[in-house]
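Please read the structure below before turning to the comments.
We did not get these values from a lab; they are worked out from the coordinates using the rules stated. This is a predicted model, so every value here is computed, not measured. Cβ placement follows ideal geometry from the backbone for every residue including glycine, while neighbour counts extend to all protein chains displayed.
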Amino acid sequence: MKILLLSSAYNSLTQLAHVWLKSSHYEVAVATATTAETMRQAVMQFQPDLILCPMLAQVIPRDIWENHTCIIIHPGIAGDRGPNSLDWAILNEEKEWGVIAVQAEEHVDSGALWASYRFPMREGSKSSLYRDEVAQAAMQSMMVAVHRFETGLFVPAPLDYSRPEVRGRYRPAVKPAQRQIDWQNDRVADIIKKIRSADGQPGLLDEIGGEPFYLHGAHEEGTLIGIPGDIIAKRHGAICRAAVDGAVWISHLRPKGRQADGFIKLPATDVLGSLLDNVPEVPVPLHYSLPTRTYRDIWYEERNDVGYVNFRFYNGAMGTEHCQRLNEAVNYAKSRPTKVIVLSGGRDFFSNGIHLNLIEAAADPAEESWQNINAMDDLVLSILTATDHYVIAALYGSAGAGGVMLPLAADRVFAREGIVLNPHYKGMGGLYGSEYWTYSLPKRVGQELALQLTEQCLPISVEYAKSIGMIDDIIIQDGCCPSNFTGFQEQIVRIAEKLAHAENYAALLEQKRQVREADEKIKPLEQYRMEELEEMNQNFWGEDPAYHIARSAFVRKLPRPGNVQCSATLKLVCGNAQCEDAVQNSRNRCAFSPVAMPQRRAVGAGR
Ligand code: COA
């Protein structure tokens, strides 16, 4: 069966749908369509049996849905309609939410119901729910809908608001006034709820020092207090603002203004700068496992011979300073008398590599790119050379680019069922990438596959990653819930403790040391790094400004120029079996003038 995925962007949900359908052996094409005409073109070229829309912000033209079955994946319960479903679910404190697969008809989201899936709501931001519970529920309902369609016999139920199980209804877009924060009266729980309902996009509009900013990344503070509205502390890029009954940490801000004009999301302290000169930095110890409510992006815990290096970076983006602090944490873990170290990444993303927003905002983006990738390499080197410990990487969230290569430095890599991995860099303007990937990726999958994965620029499922040896195992969720962070962590603890107390632990560690020594003799890690950095040097300071253009477009959420270096993303939907992976990319347009050429820099300088 031929399935066309029509989406506004090749985002994580579309990528997930793509890899799920491919692994079920459907013939799949993806079109990132933003206009009626691009949708028509994709349908005409591919001639699909079924059209699925995992994330479509545009209305499908009548001539398409009248002639083809089009199923929309909508993040709401049966009967729910409107553009801000998840925002409302958070604001209304719904206990349970869901995803429906509805047929496209005249009125948006009001077609017949092909499938639905419910999940318990969790206290988290809109984007966090979207990347976890919604993504899992979406895949469940999508697959049920596909199987039902395939039978040719299933008749979807029309939307009928008189039925008791149809609890949803139409809700218009959330108006700014409906979630505006009143710092003099709102309680912490309400402030956090409002911020989370708008996070990651568009962010919650507020004022700081009389200037308008969108707030992102809200966390409750359990100890600090102050005059409501005042900024009373800062830590690791976040600011802490007092409320009537406590305080709230806000990790990121975006000045009001068009993202296209460079008003991008950054750590709050970078945005406010000298306005915070009199605000105290309130540190929190690294090795500290009391369950105090506060904000921290890195912490270390230790139990039963296992050290856990926890990190939670907003959007998985790791700037120079994040990498340096995480490296310190890894080195602290290495100094401890434990046997196993677990690298435990974030819930939303494990990591997405170097911090493109911070780089873009830097006075010298090429120099900042260089500092960032070197800090990342230092971190990876610390993991690769941890020969007194066995190292486990635990991926609950998806990962991209350097964020995929980072965990490959560990001895064992475990990933949650249902995430996607993007083990490639080239989509970012032909970026070569570092993180010692030329050592760790071929070591796991072989040279040929390493080349294929990094050249194709396609996401892969964890099932595929396991089948080629890129990861060691998949942590499968319990049947009861689409998502279970605690269950995942408990399983990792059991795996780590079993390994730490295994009879053959000493032999395993000895084998690890010998392999490292042997590998070092064949080719030193330093040489891998120098070779990768030579390529990165070209990306940052060479004649081709593609990386700078692509990064600039990415952080401004503008169409990216065509990825001439990516083999798969270049193909257009063409309707034959060879084009299974075809991605018709609306980003193949570029409206940018070339950026000024930065000065070339010597490899190895500044380290
Ligand atoms: N630096 C800064 N921000 C990043 C980032 C990075 N490396 N990677 C992702 N983000 C941000 C996005 O801008 C977006 O921000 P928003 O909250 O303002 O919307 C958010 O993370 C989510 O990203 P998005 O692309 O919407 O998520 P996705 O799940 O659909 O896609 C990826 C995930 C990994 C495919 C995609 O984010 C990506 O290509 N990231 C860039 C990876 C990269 O090239 N890293 C640098 C080289 S090491």
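Per residue of the chain, what 222 nm ellipticity follows from adding -39500 (n - 2.57) for every DSSP H run with n ≥ 4, rounded to the nearest 500? The partial results should precede the final answer.
Details: 19 runs with 205 residues, N = 607.
One gets -10000 deg cm²/dmol as the mean residue ellipticity at 222 nm.
If packing is taken as the mean number of other Cβ atoms within 10 Å per residue, what is the order of 106-117, 182-193, highest first?
Numbers: 106-117: 18.4, 182-193: 16.4.
Descending mean neighbour count gives 106-117, 182-193.
Rounded to the nearest 5, what % of DSSP beta bridges with both residues in the chain are antiparallel?
Details: 44 of 84 bridges.
Antiparallel: roughly 50 percent of the beta bridges in the chain.
Check the straight Cα-Cα distances from Lys95 and name the lysines below 27 Å, setting aside those fewer than 8 residues away within the same chain.
Excluding near neighbours in sequence, the set is Lys126, Lys175, Lys193, Lys194.
As I understand it, the dipole of the chain uses +1 on the Cβ of Lys and Arg and -1 on the Cβ of Asp and Glu, about the Cα centre. Which of Leu453, Asn310, Ala375 lies farthest toward its positive end?
So the residue furthest toward the plus end is Leu453.
For the range 142-269, rounded, prolate or oblate, judged on the Cα gyration tensor with a ≥ b ≥ c (square roots of eigenvalues), a/c < 1.5 rounded, else prolate if a/b > b/c?
On the way: a/c = 2.68, a/b = 2.13, b/c = 1.26.
Note, shape of the range 142-269 comes out prolate.
Can you give me the long-range amide H partners of Glu302? Hydrogens built in the peptide plane at 1.01 Å from N, cutoff under 5 Å, separation of 5 or more residues or another chain.
Under 5 Å from the amide H of Glu302: Tyr308.
Let me spell out the model: positive unit charges on the Cβ of Lys and Arg, negative unit charges on the Cβ of Asp and Glu, origin at the Cα centre of the range 2-151. What dipole size does that give, in debye rounded to 20? Show your work: numbers first, answer last.
Numbers: 11 positive and 17 negative charges, 61 e Å.
For the range 2-151, the charge dipole is close to 300 debye.
Residue by residue through the range 223-236, what is 3J(HN,Hα) from phi via Karplus (6.51 cos²θ - 1.76 cosθ + 1.60, θ = phi - 60°)? Round to whole Hz and write x for glycine and proline.
Values, residue by residue: 10, 5, 9, x, 6, x, x, 6, 8, 10, 7, 9, 7, 6 Hz.
Short version: ³J(HN,Hα) in whole Hz for each residue of the range 541-557, in order, from phi by Karplus 6.51 cos²θ - 1.76 cosθ + 1.60 (θ = phi - 60°), x for Gly and Pro, what are they?
10, x, 6, 8, x, 3, 5, 5, 5, 5, 4, 4, 5, 4, 6, 8, 6
Once you order the gyration tensor axes a ≥ b ≥ c over the Cα atoms, which shape class does the chain get: rounded for a/c under 1.5, otherwise prolate or oblate by comparing a/b with b/c? Please report the intermediate quantities before stating the final value.
Working: a/c = 1.40, a/b = 1.17, b/c = 1.19.
Taking the square roots of the gyration eigenvalues as a ≥ b ≥ c, the chain is rounded.
Taking H placed 1.01 Å from N in the peptide plane, check which residues at least 5 places from Lys339 or on another chain put their amide H under 5 Å from its amide H.
Val306, Gly307
Using the Cβ atoms and a cut-off under 12 Å, what net charge is assigned to the surroundings of Pro283, where Lys and Arg are +1 and Asp and Glu are -1?
Working: positive: Lys234, Arg235, Arg296, Arg325; negative: Glu281.
It works out to a net charge of +3.
For Val413, list long-range residues whose amide hydrogen, built 1.01 Å from N in the peptide plane, is under 5 Å from its own amide hydrogen.
For Val413, the qualifying residues are Ala393, Asp472, Asp473.
Gly433: net charge of surrounding residues, Cβ under 11 Å, Lys/Arg +1, Asp/Glu -1, itself excluded? Don't skip to the end; give the middle numbers.
On the way: positive: Lys426; negative: Asp377, Glu435, Glu532, Glu535.
Counting the neighbours of Gly433, the net charge comes to -3.
Of Lys22/Lys466; Lys498/Lys521; Lys265/Lys443; Lys334/Lys512; Lys426/Lys521; Lys334/Lys466, which sit over 25 Å apart, Cα to Cα?
Values: Lys22/Lys466 16 Å; Lys498/Lys521 32 Å; Lys265/Lys443 37 Å; Lys334/Lys512 15 Å; Lys426/Lys521 30 Å; Lys334/Lys466 27 Å.
In this structure, Lys498/Lys521; Lys265/Lys443; Lys426/Lys521; Lys334/Lys466 lie more than 25 Å apart at Cα.
In whole Hz and in residue order, list the ³J(HN,Hα) couplings for the range 441-450 that follow from phi through the Karplus curve 6.51 cos²θ - 1.76 cosθ + 1.60, θ = phi - 60°; x for Gly and Pro.
Once θ is set to phi - 60°, the couplings for the range 441-450 become 6, x, 4, 8, 10, x, 4, 5, 5, 4 Hz.
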